[in-house]
Amino acid sequence: MATRALPLLRESPPWAVACAAAALLWLVAWTLEWAWWTPRWLDRALRDQGLKGTRYRLFTGDLRENTRLNREARAKPLPLGCHDIIPRVLPMLHNAVKENGAASFTWFGPNPRVMIPDPESVREVLSNKFGHFGKQRFSRVGKLLGNGVANHEGEKWAKHRRILNPAFHHEKIKRMLPVFATCCINVINRWEKIMSSEGSSEIDIWPEFQNLTGDVISRTAFGSSYQEGMKIFELQGELAERLVQSFQPVFIPGYWFLPTRNNRRMREISREIHKILCDIIGKREKAMKNGETNSNDLLGLLLESNMRQSNGNAKLGLTTEDVIEECKLFYFAGMETTSVLLTWTLIVLSMHPEWQEKAREEVLNHFGRDRPDFENLNRLKTVTMILYEVLRLYPPIVLFSRSTYKEMELGGIKYPAGVNLILPVIFIHRDPSIWGEDAGKFNPERFADGISNASKHQAAFFPFGGGPRICIGQNFALLEAKMALCPILQRFSFDLSPSYIHAPYTVITLHPQHGAQIRLKKL
């Protein structure tokens, strides 16, 4: 074979040989610049300004070490009642801060990631007044979960946000409260049916809350098409797990294109989700053209707002592909955020029964055994304080990231273009210099006078992000969490099962690694 190829190479015209040689030289030069020269230059630029960090390793950066530390951390559960979860959840960053200081840097492949531990600097980055702190560009595989408003920049982001905003207005969310209530009561009734004769039972609330929030988002997003929505929920869950599996200890450009079993399955899931959403949206658009309106769910509100904003000009509105991506994004984010929040809330209230009792007393004082209403849900001060404190200690997203697209000065440091800035939510939420000596303890009382007075810096609490890009669905998530928590407190007391293992870890969001087994007792 090789000997037959040599004559062909000799017979190739000189220009073809020259082109092949030039292409090879270009590839070598590009690889050297991407994997060696640029990282070395960035490393020197950061260290010359007093920053310390880990040593860059060719191609991999800290990916191998991060994989090893995560594996070791996940093999060791935490003691019950321990809220010091950073060493287990982010062991690489925890070690980097301990060894090199709060403003240290690590390497994600050839890209330096600098910790920004100062809330004022975090606020400046999130406000992005000059447009130079951009969202970290998602890889092709990373966009599978939803390439919507959270990923866009500039005018495209502004257009998407403008069209989405009306769907998440509090008056529109208020109209969805009966759906929230119905889904929650269905779960409560099912729990009551499996109670023992003594009126108690053990339940893993993690999958229960995932199913609950999947049901809620399916119904509120797609109305009568909620059964198709539940299929999306199942597929999105598998996709998230496989997405995490796709992160390699070696940074390989173009890894997504390799025909691995995991990559093939992710593409298959993506196509299936796309087809389901395309069918749902197509039916809804056809109904709207026939004069059949349905603006009681998120999809209807989105399509209605899109039609109003575009006013017949396709360039001013969203395409069907845009709508599909937005549905994927708010589906995953809406389901995931609330299920995580509810799970950690019940775990923490099981660890702190005195606050469980305070919350129950408040709920019973406002509603008795009746179904909660919108106005009184917003008057639940103790429940709100508890949810905020859980979000402080167990934020669904443990860090945000932004990238510099030109040299920018921040906190006295000049960051070159190409640096990833890590906004470490979970670190800042636990900083004793900001929150006081009890920063590592569960104390909802700190929020008694609201978020702005809970710490020494108003920007120190940001579980939903901040600035103009703050999570569009935060009010939806908090209202849903209160709606679910109330009937649970009305009907049950609960504590941790002996089988519960305290093991927070991240699968994009903060999950309980071994489930969340709770013992329920009927009141």
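The values are calculated or read from the model by the stated rules, or taken from the named source; none is laboratory data. Predicted model, so just to flag it, every value in this text is computed and none were measured. Heads up, the Cβs are rebuilt from the backbone with ideal geometry, glycines too, and the neighbour counts pull from every protein chain shown.
Data for the structure
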item: Pairs with Cβ under 9 Å, 6+ apart, first in region 360-375 and over 19 Å from S493 (Cβ atoms), second of a type in the set (G, A, S); result: R371/A181
item: Matching residues in region 451-474 - criterion: being among the hydrophobic types (A, V, I, L, M, F, W, C) and under 24 Å from K441 (Cα atoms); result: I451, A454, A459, A460, F461, F462, F464
item: Top-ranked residue in region 223-252 [being under 15 Å from the mean Cα position of the chain (by Cα) and over 30 Å from Y56 (Cα atoms); ranked as modelled with the highest pLDDT]; result: L239
item: G412, sole failed condition from (1) on the phi < 0 side of the Ramachandran plot; (2) exposed (fewer than 15 other Cβ atoms within 10 Å of the Cβ); (3) not aliphatic (A, V, I, L, M); result: (1)
item: Odd one out for L489, checked against (1) modelled with pLDDT under 95; (2) assigned to a helix (DSSP H, G or I); (3) not charged (D, E, K, R); result: (1)
item: Yes/no for A481 being buried (at least 18 other Cβ atoms within 10 Å of the Cβ), within 14 Å of P396 (Cα to Cα) and either touching a residue at least 40 places away in the same chain (Cβ under 8 Å) or not acidic (D, E) (or both); result: yes
item: Unique residue being charged (D, E, K, R), in contact (Cβ under 8 Å) with a residue 12 or more places away in the chain and under 23 Å from G229 (Cα atoms) when the list is E292, E285; result: E285
item: Qualifying residues in region 150-175 (those that are within 20 Å of N378 (Cβ to Cβ) and free of Cβ contacts under 8 Å to residues at least 60 places away in the same chain) - the one surrounded by the most Cβ atoms within 10 Å (Cβ to Cβ); result: H169
item: Region 433-454 residues that are on the phi < 0 side of the Ramachandran plot, paired with ones that are basic (K, R) (beta carbon under 6 Å, 6 or more apart); result: I434/K456; A439/R430; G440/R430; A454/R446
item: Among the candidates V390, V340, V323, residue that is in contact (Cβ under 8 Å) with a residue 60 or more places away in the chain, crowded, with 18+ Cβ neighbours inside 10 Å and in a helix (DSSP H, G or I); result: V340
item: Residue within region 423-441 that is surrounded by 18 or more Cβ atoms within 10 Å (Cβ to Cβ), charged (D, E, K, R) and part of a loop (DSSP other than H, G, I, E, B) present; result: yes
item: Residues of region 494-508 classified as outside any loop (DSSP other than H, G, I, E, B) and closer than 17 Å to E208 by Cα, total; result: 3
item: Pick from region 266-311, criterion modelled with pLDDT under 85, surrounded by 14 or more Cβ atoms within 10 Å (Cβ to Cβ) and among the hydroxyl-bearing types (S, T, Y), ranking: farthest from the chain's Cα centre (by Cα); result: S310
item: Which listed residue is crowded, with 19+ Cβ neighbours inside 10 Å, in contact with a Lys or Arg (Cβ under 9 Å, 6 or more places away or on another chain) and more than 17 Å from T509 (Cα to Cα), from L78, L93, L63; result: L63
item: Test: residue in region 213-220 that is assigned to a helix (DSSP H, G or I) and on the phi > 0 side of the Ramachandran plot; result: no
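Residues checked against (1) more than 29 Å from T106 (Cα to Cα); (2) modelled with pLDDT of 90 or more:
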| position | (1), (2) |
| --- | --- |
| P7 | yes, no |
| W15 | yes, no |
| A22 | yes, no |
| W30 | no, no |
| D43 | no, yes |
| L46 | no, yes |
| G53 | no, yes |
